[in-house]
Amino acid sequence: RGDGVPSIGDGPKIEPTTSDARCARATSAAPTMVEYEARGITVRDVAPAVFIEAYALHLKNSDRFEIPKWTDLVKTGVHKELGPTDDDWYFVRAASIARKVYLKPGVGVGALRKWYGGQYRRGARAKTFQRAAGGLIRSVLQQLEETKVVEKTASGGRRITRVGQQDLDRIAGQVARGGNEE
């Protein structure tokens, strides 16, 4: 252009200054999974369904966790029409309860009954909420106490023990790495 105003393509090439180079390095060095593994993978870092499946398999393979005799006869709540059809449902429920206690320390049987409850369909009448079976949840918590995964708190709820937290975090790390090796 002949009017004295420089155009975009004219002029010297500008080299990045040191501050520009630092910004470029900072943006290119985005945190990767390798950096996060240094702090350890916890239960919070893993998808719930995948973790519960892996921990249920771990409970099933361990000889410390036993299934009560009545598990094939019960429903999980009044709002259910039939009992669970999966043979390993007790392990899955135990893994789910262990995960809940890990994420919410101090949770008790009543709160877990609310969590696992559901809508009770009463035919032509309106649906109403019903809590889950408390005896089932209580027996799972007692089994987890015997295996030293959870312990009672002073306020009456349950919390995860140090051994239980290490166990759950180890399973979560295996799931995050992509393997379910025991």
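The values are calculated or read from the model by the stated rules, or taken from the named source; none is laboratory data. All values reported here derive from a predicted model rather than from experimental measurement. Don't worry about glycine lacking a Cβ; one is built from the backbone with ideal geometry, like all the others, and counts go over all protein chains shown. Note: areas computed on protein heavy atoms with side chains; ligands, DNA, RNA excluded. Shrake-Rupley method; radii C 1.70, N 1.55, O 1.52, S 1.80 Å.
Listing for the model above:
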item	result
Positions within the stretch 106-129 being crowded, with 17+ Cβ neighbours inside 10 Å and in contact with a His (Cβ under 8 Å, 6 or more places away or on another chain), in sequence order	Gly117
Count of residues meeting criterion [part of a helix (DSSP H, G or I) and under 19 Å from Val74 (Cα atoms)] in the stretch 85-109	10
Residues of the stretch 158-176 satisfying the condition of being out of contact with any helix residue (DSSP H, G or I) (no Cβ under 7 Å at 6 or more places or on another chain) and of a type in the set (Lys, Arg)	Arg162, Arg170
Some residue of the stretch 44-57 being part of a loop (DSSP other than H, G, I, E, B), touching a helix residue (DSSP H, G or I) at 6+ places or on another chain (Cβ under 6 Å) and within 23 Å of Lys152 (Cβ to Cβ)	no
Subset of the stretch 130-143 that is among the aliphatic types (A, V, I, L, M) and in contact with a helix residue (DSSP H, G or I) (Cβ under 6 Å, 6 or more places away or on another chain) - its residue that is surrounded by the most Cβ atoms within 10 Å (Cβ to Cβ)	Ile137
Residue check, Val74 modelled with pLDDT under 90, within 16 Å of Gln142 (Cβ to Cβ) and of a type in the set (Val, Ile, Thr)	yes
Residue list for the stretch 44-100, filter: among the β-branched types (Val, Ile, Thr), open to solvent by 30 Å² or more (accessible area, probe 1.4 Å) and touching a residue at least 60 places away in the same chain (Cβ under 8 Å)	Val50, Val74
Single residue of the stretch 124-178 satisfying the filter (in a loop (DSSP other than H, G, I, E, B) and within 21 Å of Val50 (Cα to Cα)) that is modelled with the lowest pLDDT	Gly178
Failed item, numbered, when Glu81 is tested on (1) outside any loop (DSSP other than H, G, I, E, B); (2) acidic (Asp, Glu); (3) at pLDDT below 90	(1)
Those residues of the stretch 65-88 which are touching a Lys or Arg at 6+ places or on another chain (Cβ under 9 Å) and of a type in the set (D, E, K, R), in sequence order	Glu81, Asp88
